[in-house]
Amino acid sequence: MLSRDSRRRSLAKTVVYRVWAIALLGAITYYFTGDAGEATVITLVFNAGGTLAYYGLERLWEFVEWGRSAHDSAHSHITANRGATDSIEDIEAA
């Protein structure tokens, strides 16, 4: 069964992706500029904006039903409204 990503999972995915992007952009920028200081500034500024944009878009996708299974859509209210202490039995009973 597919389920929606939690905010915590979206944040974790964002951080992992951004670490990769920072390393890649830093290396490419340094290759072309030859200046570590300039490469650092460009990389940090670009990735600060990119991190916010990625997280925002990731959260917006939670409102898009396209690509989800019918089972997922029918049960989305259960996962969206359950509490942190709900057991799997409580969730399935809902």
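The values are calculated or read from the model by the stated rules, or taken from the named source; none is laboratory data. No experiment lies behind these values; they were computed from the predicted model shown. Neighbour counts run over all protein chains shown; Cβ positions are idealised from the backbone, glycine included.
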key: Odd one out for Ala70 among (1) modelled with pLDDT of 90 or more; (2) more than 22 Å from the chain's Cα centre (by Cα)   = (1)
query = From the set of residues in the range 36-61 that are over 14 Å from Tyr17 (Cβ atoms) and of a type in the set (Ser, Thr, Tyr), which is surrounded by the most Cβ atoms within 10 Å (Cβ to Cβ)?
reply = Thr43
query = Taking the stated definitions as given, is Arg7 at pLDDT below 90 and either of a type in the set (D, E, K, R) or surrounded by 14 or more Cβ atoms within 10 Å (Cβ to Cβ) (or both)?
reply = yes
